[in-house]
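Below is one structure; the comments refer to it alone.
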Amino acid sequence: MKLLRARALAFLLDLLVWAYLLYSGFTLYYLSALWSPWRPEEKLVWPALSPWAWAVVLVGLGEAVLLTQAFGPSLGQRLMGVHLVAEDGAPPKLAARLAYFGFSHLALATLGLGSVLHPQRPWHERWAGVRLEPLPPPSSAVRRPPWYRTAYGLTALLVALATLAVGWRLTEVDLRRLVYDASKSLRIWYGLIGPDFRYLLAPDPRIKLSLVDGLVQSLYMALLATVAGTVAAFPLSFLGARNVAARHPVGWAIYALTRGFFNVVRSVETVFWAAIFAIWLGWGPFAGATALFVHTVAALGKLFSEQVEHIDPGPVEAVTATGANLLQVVRYAVVPQVLPQYLAFAIYRWDINLRMAVVVALVGGGGIGRHLFEYKDDLRWSLVGAVILLFMLTVWVMDYLSGWIREKIV
Amino acid sequence: MKRFWAKIRAGVWAGAAALRRRATALWEAGRGFLRAYGWPPLRRAAEFLLAWLKALRIRVLPPLLDLVFLGYLWLATSIAVSFAATGRVAYTLLSWEWFVLVVGVTGALWSAWDQTLGLKVVRHRLSPASPGMRLLYALFWPLFPLTLVTALVDREGRSPAEWFTDLRLVEAGEARPRRWYRSPTGWLAVLGLGVSLAAAVAVTRVDLRAFVTRFEKTLKFWRAIFSPAWDQAGLGLKLLVETLFMAVVATAFAVPVAAALSFLAARNLMRGPLPRLLYTVLRVTGSFTRSIDAIIWAIIFAVWVGTGSFAGVLALFVHSVVDLMKLYAEQIEAIDPGPVEAITATGANRLQVLRYGVIPQIINPFISFTLYRWDINVRMATVVGLVGGGGIGFRLAWYLGAYAFSEATMLTLLIVLMVWSIDWLSARIREKLA
Amino acid sequence: MAHVVVENLSKIYERGKVRALWNVNFSVEKGEFLVLIGLSGSGKSTLLRCINRLVEPTSGRVFLNGLELTRLSPRAMRRVRRRIGMIFQQFNLVKRATVLQNVLAGRLGYTSTLPSLLGWFPKRDIQRAKECLERVGLLDKMYVRADQLSGGQQQRVGIARALMQEPELLLADEPVSALDPATSHSVMQYIEQINKEDGVTVIASLHFLSLARRYGQRILALRAGEVVFDGPPEAIDDRKFKEIYGEEAEEVEIR
């Protein structure tokens, strides 16, 4: 059964690897032949082939997989921890490998019927005089060849190279632009060196807030979201901890629900939440703070409940043995163990929220980010420079402070 | 050609050696001078300076911290109260004289009657005394900046307030901690938190009724969220792949750079004056660069090379290099010196020591840090994209700005799927490594 | 009537079908010091935990003062646990909490839920905690965090926590196997003192026979979950010893 699974998964993995290699080759060709930087929609396309050509491609893929599987452990076989050996346990001879390659076509043609009927050793392996065996553990006396002389090592290298090459082209890495367009970046450097602090205290006529007002808004958005988020995540974290909540079916359902909530909400970008709340609650800092709050509850909830799951069970046992009830056990054996970590995580979250408080302004979340994006869109770089400098200064001070507090706590 | 390069190399080595010799000679000369003439008077001067600094740390720093805290309390109270009263935010309610007076008096009384926050930080407290004496202490407390002078004269480095009273600042031992509701510091701390929250509620214009009254505005949105624009799936998938590749490329090119730099940024490998200088320069530049947020880097690069995924890659790259350099270097600093010593004892040269004594110890942490950073980069790639770094984030910001919620939901769905699979994948790989 | 009676007690762990205890029968008189010995994995810990039902036995009955513990509801069991102190091999203190808080935790069964959640204990409980700490010689460490203490001191805090419960029965699960020999004796002497002065029944599992001989009034030996010996310490001769610990074992003297 185990070998059957290994065979099937190894085949699938190898198929995926070769398909990926083929596709990246195609993408590279396409990108260099039909380069169109202005239409990102067309950066990756399906090859437009006739059905006939598709058939050739598919057969070619299959052949490539069978060939790599016959000659040395392929990447799929390596990952599943199996390799081919001859009857006597030695690496198979060339003839045996060729025979295996030939006979495995039959196995593929019957959709692996032989592997299902005889999972230990299907027909094509018997005819070729080879066997599929688990790889010896790395510490055993059998010396393995170095990776660059094996099929799986070379395939992995090829995959890595293809990934880098495609990534390089796809993300339009163009180092020349770094040099040629350096003059364009001068504007922003000038802005940073000669910032224009005219709106530092005086309100900007369009936004009606000064930079300091915006900064205070951002700071308090982050503060409100962090404090309220921590308070809300605290009780939820116990419901989301397997060792506290999941003790009977109802508890297990609560546990699963809580964890699901954490995972879904956490992986949705804060900006998305900010856009929702900007419509719901109207543009402004309240929408931004609510978005930060929602994301904070989920992110902290997950971190917190993991902490609860990793506590030392000893004190729990000891406090239970004194005759305490569940609430008392949580209060005296669980909470003291996790509280310092909770605080550390909350402070860490505060650092993140402060930065995200700027980004939520992109969709109407309020705060100093609003100045930043407005000035950037107007290409008023010296004002942008002022915002960036002010914000950086704040972030430094806050990072220093929070790092110091975290050190004191833990 | 070969001889040409050999010559160049020899020249460079000779130059480096000469520089090194010169620096070492200077260093040695300085130490020799100190050893021969400087020690006793210099030591005495240093001791005096240290005692003075210690006195200032206990007598000047805490009051300053307390004043900053009280000033903040005033500010936050003003914000909260002014908003509650007038609906507008004001930073000071009364004139500046009042501010100075209130903060000063509170600070003096607080310092005389309890272990203030500042004193907690430096782990000192006041010795017990009668209320009258405490009042006297409070009266002289505002003179605390004069400690700069008195600490020079006084042997114990006392502040003026201590001079005129019999109260002393002593080290706080393992005394019984007082309940927070029984000490002024506790009240002030709670007040600080409460006022901060009140100010936060005021500044962010919290209006919980809006959740209900404005609900119908979101109906369009709820409809959209349950009908994602499936026709965007193809485009979204392409952008997703692009985003993924942004993270891959940034991480892949950051790793060799960071690994090379990390050896130069490891304190235990950089011995001697010149290497130490290099170490300091690298560490300082690193922490400076790291503290500039990736979002700001993205804005800078979006202007530099134009909006697009290249800008995003550059922003992620810069941030990854400095972050990984720090993580790697810390790992190198934490290695077991035993093997290094053993390899050195066999007569191996520096590079051999690195290869056989250091690298085997750090290879696994390096890989797990790299995975961790890749994990972060995948998430950051979308955020960086929002501000002009290309990829799926840029499109998402665009749709959100245009209230195209079905499309935005589709992209968000894809991002969620990507984040989950990456989470799962890197957890599996790290499990295998551990 | 015996203080503690164990009848036909068996425990089979579902996972792996391990037979931890099989048909264990014994009784303990009031004020007795019973020592459980046996190899690691012979079921000593499980037996102790079955008595206060931290582990649910598969079958069999446990009586305390004639009250059948194995039939009690969780709520009633919590009330009974208040009178059963327990000491653990790994001390099981909350490392980040102060010594005083750890000792007060022994009073939780007597404190009503709401005040205890807020951290409020009656004055006399705090007074009592100080007395307990004085008894184990740790009064000066009252406000020190538990992880700042040495192993022997931590175990003494564990004893103080058990004392807080005003126990009539004290269960000690390998109380000294994480400690060095000298500290072991000091901790065992505290337990012996509680047994002698307060008349508390003690059931302690010990790894070393020499310690068991020195402190136990009666010894119960387990092997693979079954009782292989029950009698006074002097009755364990070489043959009995080999039967309990296996043929290859040799007795180690611990001072």
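The values are calculated or read from the model by the stated rules, or taken from the named source; none is laboratory data. This one's a predicted model, so the numbers in the text were calculated from it and none came from an experiment. Cβ: placed from backbone, ideal geometry, glycine included. Neighbour counts: every protein chain shown. SASA here: full protein model, heavy atoms, side chains in, ligands and nucleic acids out. Shrake-Rupley method; radii C 1.70, N 1.55, O 1.52, S 1.80 Å.
What is the spin-label model distance, in nm, from A:Leu98 to B:Glu156 if the labels are put 7 Å beyond Cα along the C-beta direction?
9.9 nm
Roll a 1.4 angstrom probe over the protein heavy atoms and tell me the percent of accessible area of chain C that is carbon or sulfur.
Numbers: 5440 of 11250 Å².
C and S atoms contribute 48 percent here.
How far apart, in nanometres, would the label points at A:Leu16 and A:Ala202 be if each is projected 7 angstrom from Cα along the Cα-to-Cβ direction?
Inter-label distance under the simple model: 6.2 nm.
Using only protein heavy atoms and a 1.4 angstrom probe, determine the accessible area buried between B and A, summed over both sides, in Å² to the nearest 100. Don't jump to the answer; show the numbers that get you there.
Details: alone 27100 and 23880 Å², together 44710 Å².
Its buried surface, counting both partners, is about 6300 Å².
Rounded to the nearest 0.05, what FRET efficiency do A:His310 and C:Ala235 have when you use their Cβ-Cβ distance and R0 = 51 Å?
Working: r = 47 Å, r/R0 = 0.91.
Step by step, r from the Cβ atoms, then E = 0.65.
Evaluate the relative contact order of chain B (contact order divided by residue number), counting alpha-carbon pairs under 8 angstrom at least 6 apart; express in whole percent. Show your work: numbers first, answer last.
Numbers: 467 pairs, mean separation 64.0, N = 434.
Relative contact order for chain B comes out at 15 percent.
Using only helices, what value at 222 nm comes out for chain A when you add -39,500 (n - 2.57) per DSSP H run of length 4 or more and divide by the total residues, to the nearest 500 deg cm²/dmol? Please report the intermediate quantities before stating the final value.
Values: 19 runs with 289 residues, N = 410.
About -23000 deg cm²/dmol.
Of A:Glu133, A:Glu306, A:Glu269, which is the most mobile in a GNM of chain A whose springs link Cα atoms less than 10 angstrom apart?
The residue with the greatest mean-square fluctuation here is A:Glu133.
Picking from A:Pro146, A:Val57, A:Val17, whose Cα lies most toward the positive end of the charge dipole for the range A:2-170 (charges on Cβ: Lys, Arg +1; Asp, Glu -1)?
Checked the options; the winner is A:Pro146.
Using r as the Cβ-Cβ distance of B:Val206 and B:Leu94, and R0 as 25 Å, what FRET efficiency do you calculate, to the nearest 0.05? If you can, show how the numbers build up before the last one.
Working: r = 26 Å, r/R0 = 1.02.
Once rounded, the FRET efficiency stands at 0.45.
Enumerate the residues in the range B:353-385 having an amide nitrogen under 17 Å from the point lying 7 Å beyond the Cα of B:Ala16 toward its Cβ.
B:353-355
Label point 7 Å out from B:Leu49 along Cα-to-Cβ: which residues of the range B:125-158 have amide N under 16 Å?
Of the residues in the range B:125-158, B:152 have backbone N under 16 Å from the label point off B:Leu49.
To the nearest 10 degrees, how steep is helix A:151-170 against the longest Cα principal axis of chain A, on a 0 to 90 scale?
Value to nearest ten degrees: 40.
Taking 7 Å along the Cα-to-C-beta vector as the label spot, tell me the A:Leu4-B:Ser426 distance in nanometres, rounded to one decimal.
Label at A:Leu4, label at B:Ser426, 3.8 nm between them.
Just the accessible area for B:Leu126, please: 1.4 Å probe, Å², rounded to the nearest 10?
The accessible area comes out at roughly 20 Å².
Roughly what % of DSSP beta bridges within the protein assembly as shown run antiparallel, to the nearest 5?
Working: 28 of 45 bridges.
Percent antiparallel among DSSP bridges in the protein assembly as shown is about 60.
State which helices in chain B qualify, where a helix is a whole DSSP H run, it must extend 24 Å or more along its own axis by its Cα atoms, and its mean Kyte-Doolittle hydropathy must be at least -1.0. Intermediate results must be reported in sequence, preceding the final value.
Working: long enough: B:2-33 (46 Å, -0.16); B:39-59 (29 Å, 0.15); B:61-86 (37 Å, 1.54); B:96-113 (26 Å, 1.19); B:184-203 (27 Å, 1.79); B:233-264 (46 Å, 1.88); B:273-291 (27 Å, 0.23); B:309-333 (35 Å, 1.00); B:359-384 (36 Å, 0.68); B:405-433 (41 Å, 0.89).
Span-like helices, by this rule, are B:2-33, B:39-59, B:61-86, B:96-113, B:184-203, B:233-264, B:273-291, B:309-333, B:359-384, B:405-433.
What are the lysines whose alpha-carbon lies under 16 Å from the alpha-carbon of C:Lys196, with same-chain residues fewer than 8 places away excluded?
In chain and number order, the partners are C:Lys30.
Place a point 7 Å from Cα of A:Asp399 in the direction of its Cβ. Which residues in the range B:301-330 have their backbone N less than 11 Å from it?
Output list for this probe position: B:323.
What 222 nm value per residue comes from the helices of chain C, counting each DSSP H run with n ≥ 4 as -39,500 (n - 2.57) and dividing by all residues, nearest 500 deg cm²/dmol?
Numbers: 9 runs with 86 residues, N = 255.
Calculated mean residue ellipticity at 222 nm is -9500 deg cm²/dmol.
Please go through the residue pairs C:Lys11/C:Lys240; B:Lys120/C:Lys123; C:Lys95/C:Lys242; C:Lys17/C:Lys242 and name each one whose alpha carbons sit more than 31 Å apart in this structure. Provide the component values of the computation, followed by the final result.
Working: C:Lys11/C:Lys240 25 Å; B:Lys120/C:Lys123 28 Å; C:Lys95/C:Lys242 40 Å; C:Lys17/C:Lys242 27 Å.
C:Lys95/C:Lys242, as the Cα separations exceed 31 Å there.
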